[in-house]
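Visitor: Mind having a look at this structure? Questions to follow.
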Amino acid sequence: MDTINSIGNAKQILREVSRVIVGKDEVMIKVLLGIVAGGHILMEDIPGVGKTTMALAFSKALGLEYNRVQFTPDVTASDITGYNIFNRKTGDFEFREGAVMCNILLADEINRASPKTQSSLLEAMNDGRVTVDGTAYLLPDPFMVIATQNPLGFVGTYPLPEAQLDRFALRLSLGYPEKKQEIEIAKGKSHDKTLPTVRRRANREIIAEMKRYADEVYCDDSIYEYIVDFVASTRNTKYLSLGASPRASIMLGRLAKAYAFIDGREYVLPSDVGVLLLPSLAHRVVLSREAAGS
């Protein structure tokens, strides 16, 4: 498969998702960027605007195995990572796989789960494995989390820990639909009715090729310096009590390469980085008391 075909596959994936989510092309492109860059996506928005539907549409168009977990306070860490159970017939413990044993984990309303359950995803998101009772189990390749969460002002939500937020490549928001789209929804043309029409346009091999071509995109040292300088600047301001980590610099570089790849270029432009600064960094920093109170 050559680069042109690989870019064509990316466009086909976006077209399939746009059959369900209309008028949100920029958001859909950024979700695909996260997939190509090997990152995880956090969709933060109010209920009812199509966050989960978009995640499901991507999982269908990508042709990957996925699990969906509706996070609630009674979901336990073992539901996510798996657990050992004693088999009386054999006299041994057997491992029962948790929800993470898939290519795409749709973590729906992740901030409704307890902090302990949220933290159970850390190892999976960072290392592509889970450890249960001292034994490590590798996750399928590729593996990514597409999580949705409601704003913290809603009842029954728990803030995600900073360490977990740092594992998300991008935090995105769909926002309310445009008037034309909301009229169609009001007529009964809901996302749920169009979701079954999404066709598979990729598989593991195609996604691996897309990742490889994106990784081969040229990024000049001056752009890497620009990325590192900007990320470092978040650590030296009175308005932030927590700046972005080096993990942010690594992921921002990967995202910029993926952006150039999907745009059909073999090189990264400074503008590619500029487009990605806010969605890739905003969730990784914490406002200082001074900034929050102003």
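Visitor: Restricted to segment 222-280, and to residues that are crowded, with 20+ Cβ neighbours inside 10 Å and among the aromatic types (F, W, Y), which residue is farthest from E26 (Cα to Cα)?
Guide: F261
Visitor: Against the conditions (1) crowded, with 17+ Cβ neighbours inside 10 Å; (2) small (G, A, S); (3) part of a helix (DSSP H, G or I), where does G8 fall short? Just the number, please.
Guide: If we test G8 against (1) crowded, with 17+ Cβ neighbours inside 10 Å; (2) small (G, A, S); (3) part of a helix (DSSP H, G or I), just (1) comes out false.
Visitor: Here's another thing I want to ask about it. Within segment 125-176, track down each residue that is over 18 Å from the mean Cα position of the chain (by Cα) and surrounded by 20 or more Cβ atoms within 10 Å (Cβ to Cβ).
Guide: The one that is over 18 Å from the mean Cα position of the chain (by Cα) and surrounded by 20 or more Cβ atoms within 10 Å (Cβ to Cβ): V130.
Visitor: OK, next. Kindly provide the set of residues from segment 227-278 that are in contact (Cβ under 8 Å) with a residue 40 or more places away in the chain, among the small types (G, A, S) and either assigned to a loop (DSSP other than H, G, I, E, B) or under 22 Å from S6 (Cβ atoms) (or both), ordered by number.
Guide: Result: G243, A244, S245, A258, A260, G264.
Visitor: With the structure loaded, tell me whether N84 is of a type outside the set (D, E, K, R) and farther than 28 Å from L33 by Cα or whether it fails that test. Write out each step before concluding.
Guide: On the way: of a type outside the set (D, E, K, R): yes; farther than 28 Å from L33 by Cα: yes.
For N84, the condition - of a type outside the set (D, E, K, R) and farther than 28 Å from L33 by Cα - is met.
Visitor: Test each condition in (1) open to solvent by 80 Å² or more (accessible area, probe 1.4 Å); (2) within 19 Å of L62 (Cβ to Cβ); (3) in contact with an Asp or Glu (Cβ under 8 Å, 6 or more places away or on another chain); (4) not polar (S, T, N, Q) for V198 and report the one that comes out false.
Guide: V198 satisfies every listed condition except (1).
The values are calculated or read from the model by the stated rules, or taken from the named source; none is laboratory data. Worth saying up front: this structure is predicted, and the values here are computed from it rather than measured. Neighbour counts run over all protein chains shown; Cβ positions are idealised from the backbone, glycine included. Only protein heavy atoms, including side chains, enter the accessible area calculation; ligands, DNA and RNA are left aside. Shrake-Rupley method; radii C 1.70, N 1.55, O 1.52, S 1.80 Å.
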